[in-house]
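Chemist: Have a look at this one.
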Amino acid sequence: GNSVTQMEGPVTLSEEAFLTINCTYTATGYPSLFWYVQYPGEGLQLLLKATKADDKGSNKGFEATYRKETTSFHLEKGSVQVSDSAVYFCALSDQGSWGAQKLVFGQGTRLTINP
Amino acid sequence: DAGVTQSPTHLIKTRGQQVTLRCSPKSGHDTVSWYQQALGQGPQFIFQYYEEEERQRGNFPDRFSGHQFPNYSSELNVNALLLGDSALYLCASSSRGLRTNSPLHFGNGTRLTVT
């Protein structure tokens, strides 16, 4: 079945450092790919998405490119801030016949940014 | 514009008991999905409701059941609770329609503790 594998955390960086969180997937067909972020005590918020190969999703300085040849969707940010501290989830859509999305998530990567 | 709301926020139950969790979707959304997020893990899909019917189901036993009401709100019921059912239960809503990539909007979840 479809699955998502993320780099294990936790990840701790200093403010203004460069961030990469690796994500690879296994899927049949052509799923959409997502990054969600979860702040303490909150639900998941969509950070960015890409719906086809070579698409780049971007939001709030974060970027990820849908690489079909390497089945990857790595999350990057050039200069992280303390406010970026959260848990990040990579996910793919396992789209059912009803058109609404069913997501398959990775295990999450906890990111802590120190001032 | 209210987002996805879930109640209660926290719940403590004893093994063998039954529990009901509630969800109101974001305004304009007609499809509700439920996810279970164990501590330190990514969310796992339980099931999805549209037009008051279960449309898709993940790998969860029949102890997990649900309902969707005419106003699109939804309930998740879990019978014969086990310690392993302790988790954060997330509700997500979306608009099925013709926009097959309509993004999921998540609530903040209900934290269930089974003792």
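Chemist: Tell me the residue from A:THR70, A:THR12 that is part of a loop (DSSP other than H, G, I, E, B), farther than 25 Å from B:GLN36 by Cα and not aromatic (Phe, Trp, Tyr), please.
Modeler: Exactly one of A:THR70, A:THR12 is part of a loop (DSSP other than H, G, I, E, B), farther than 25 Å from B:GLN36 by Cα and not aromatic (Phe, Trp, Tyr), namely A:THR70.
Chemist: Turning to a different aspect of this structure: Within region A:91-101, restricting attention to residues that are surrounded by 22 or more Cβ atoms within 10 Å (Cβ to Cβ) and facing another protein chain (nearest Cβ under 7 Å), which residue is modelled with the highest pLDDT?
Modeler: Filtering region A:91-101 for residues that are surrounded by 22 or more Cβ atoms within 10 Å (Cβ to Cβ) and facing another protein chain (nearest Cβ under 7 Å), the one modelled with the highest pLDDT comes out as A:GLN101.
Chemist: For residues that are within 14 Å of chain A (Cβ to nearest Cβ) and of a type outside the set (Phe, Trp, Tyr), tally how many sit in region B:63-115.
Modeler: Summing the residues that are within 14 Å of chain A (Cβ to nearest Cβ) and of a type outside the set (Phe, Trp, Tyr) in region B:63-115 gives 25.
Chemist: Sticking with this structure for a sec: Residues B:GLN37, B:GLN41, B:GLN56: which one is within 11 Å of chain A (Cβ to nearest Cβ), closer than 24 Å to A:GLY106 by Cβ, in contact with a Lys or Arg (Cβ under 7 Å, 6 or more places away or on another chain) and of a type in the set (S, T, N, Q)?
Modeler: Unique residue meeting the criteria: B:GLN56.
Chemist: With B:GLY58, B:GLY16, B:GLY107, B:GLY3 as the choices, which residue is over 30 Å from A:GLY57 (Cα atoms), out of contact with any helix residue (DSSP H, G or I) (no Cβ under 9 Å at 6 or more places or on another chain) and not hydrophobic (A, V, I, L, M, F, W, C)?
Modeler: B:GLY16
Chemist: With surrounded by fewer than 18 Cβ atoms within 10 Å (Cβ to Cβ), in contact (Cβ under 8 Å) with a residue 12 or more places away in the chain and facing another protein chain (nearest Cβ under 8 Å) as the only criterion, which of A:THR112, A:THR51, A:THR71 stands out?
Modeler: Exactly one residue qualifies, and that residue is A:THR51.
Chemist: Still on this structure, please answer the following. Mind checking whether some residue in region B:13-28 is closer than 21 Å to A:LEU103 by Cβ and free of Cβ contacts under 8 Å to residues at least 40 places away in the same chain?
Modeler: Checked against the condition, which is being closer than 21 Å to A:LEU103 by Cβ and free of Cβ contacts under 8 Å to residues at least 40 places away in the same chain, region B:13-28 yields no hits at all.
The values are calculated or read from the model by the stated rules, or taken from the named source; none is laboratory data. Not measured: the values here are computed from a predicted model. Backbone-built Cβ (ideal geometry, glycine too); neighbour counts: all protein chains shown.
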